Amino acid sequence: MAASDSDRAQRGIQSIEVGGQLLRALVHHGRPMALKDLAREADMTAAKAHPYMVSFGRLGLIEQDRASGHYLLGPLALQLGLISLQQADPVHIATPLIGQLAQQIGHTVALAVWGARGATIVRTAESPSPVHVNMRHGTVFSLTNTASGRVFAAYLDEDAVRSLLEEERQRQKQRKGGEPTPPAGMPPVQPLPSWGDFERQLQEVRGHGISRSDGEVIEGVSAMAAPVFDHTGAIVLAVTAIGPAGIFDTAWDGEISRALKACADTVSQRLGAAAAAPASPRTER
């Protein structure tokens with residue numbers, strides 16, 4: 001039977017795909033490797049692997065250390081990696097994933113970036129459940145009493161976070177006594193934490209790799225947020241899930257937590273971040 005146009009369009013070059021397994025092994029291990037070890041990782045003999053490495057070397061994808069004979073990534077591979085990182089858009093990469101995540105956990109999921117006023121929603125994926133919580137584009141999360149705000153605060157520069165906390169404290173003082181009683185369902189405004197108390201909350205976030213909030217902004221509404229990091233280790237996004245408290249699992253190791261962290265880790269890895277999130281990016285004092 002003749003191959004269809006679609007089959008022909010999808011047909012690749014098998015030798016390139018076979019040789020690519022050697023590059024995958026080199027990238028996976030992240031260190032110079034001997035030919036026999038590379039070949040074993042790619043499930044081929046050293047004799048079969050060697051011609052591929054010669055061709056890759058001519059292209060600049062790999063190079064060979066003259067002293068040890070081990071192979072490492074070459075200048076072309078490094079250039080390709082740098083260009084890929086420059087082109088990577090965290091929101092663009094994460095957007096298709098949050099729709100799948102909302103379907104998986106049954107709650108609304110949003111992406112938040114750090115803006116001039118704080119953590120700000122830029123994308124949303126609604127829950128498939130008829131009972132869910134909506135989030136609007138452009139909504140700015142509080143630094144201190146939301147899951148998204150705290151997850152950013154946990155990984156941003158400490159001096160910047162201290163300054164933002166003080167700014168929020170000053171705004172709260174200006175509003176005090178000038179606002180009506182909160183409407184039904186809205187908890188009363190709580191005093192902002194001291195820096196020591198807030199830092200303890202942020203240590204908890206860093207320890208678990210995720211932030212959570214339970215009824216702090218709206219009674220009966222819970223949320224969790226996981227951080228996304230770029231290749232420099234800087235936080236660039238928060239993946240946030242929100243839903244009715246009665247059916248929203250806020251356990252640190254619960255289903256929602258695991259799903260959020262898996263999604264955030266996938267985006268981080270596509271942005272070139274290390275496999276594990278940093279415990280704390282802050283400079284030692």
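Tabulated values for the structure
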item	result
The one condition in (1) open to solvent by 30 Å² or more (accessible area, probe 1.4 Å); (2) modelled with pLDDT of 90 or more that Ser84 fails to fulfil	(2)
Residues located in segment 1-20, provided they are modelled with pLDDT of 80 or more, outside any loop (DSSP other than H, G, I, E, B) and surrounded by fewer than 17 Cβ atoms within 10 Å (Cβ to Cβ)	Gln14, Ser15, Ile16, Glu17, Val18, Gly20
Residue match in segment 85-108 (condition: acidic (Asp, Glu) and either assigned to a helix (DSSP H, G or I) or under 23 Å from Val151 (Cβ atoms) (or both))	yes
Segment 259-272 residues that are among the polar types (S, T, N, Q), paired with ones that are in a helix (DSSP H, G or I) (beta carbon under 8 Å, 6 or more apart)	Thr266/Leu97
Residue count, segment 92-103 (criterion: touching a helix residue (DSSP H, G or I) at 6+ places or on another chain (Cβ under 6 Å) and closer than 13 Å to Gly243 by Cβ)	1
Options Gln103, Gln64; residue that is open to solvent by 60 Å² or more (accessible area, probe 1.4 Å), modelled with pLDDT of 90 or more, over 19 Å from Val228 (Cα atoms) and in the same structural domain as Leu260 (by the TED database)	Gln103
Some residue of segment 203-215 being within 22 Å of Ile93 (Cβ to Cβ) and assigned to a helix (DSSP H, G or I)	no
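The values are calculated or read from the model by the stated rules, or taken from the named source; none is laboratory data. Only a predicted model underlies this, so the values are computations on that prediction, with no experimental measurement involved. Please note: Cβ atoms are built from the backbone with ideal geometry, for glycine as well, and neighbour counts cover all protein chains shown. To get the accessible areas, we keep the full protein, side chains included, count just its heavy atoms, and leave off ligands, DNA and RNA. Shrake-Rupley method; radii C 1.70, N 1.55, O 1.52, S 1.80 Å.
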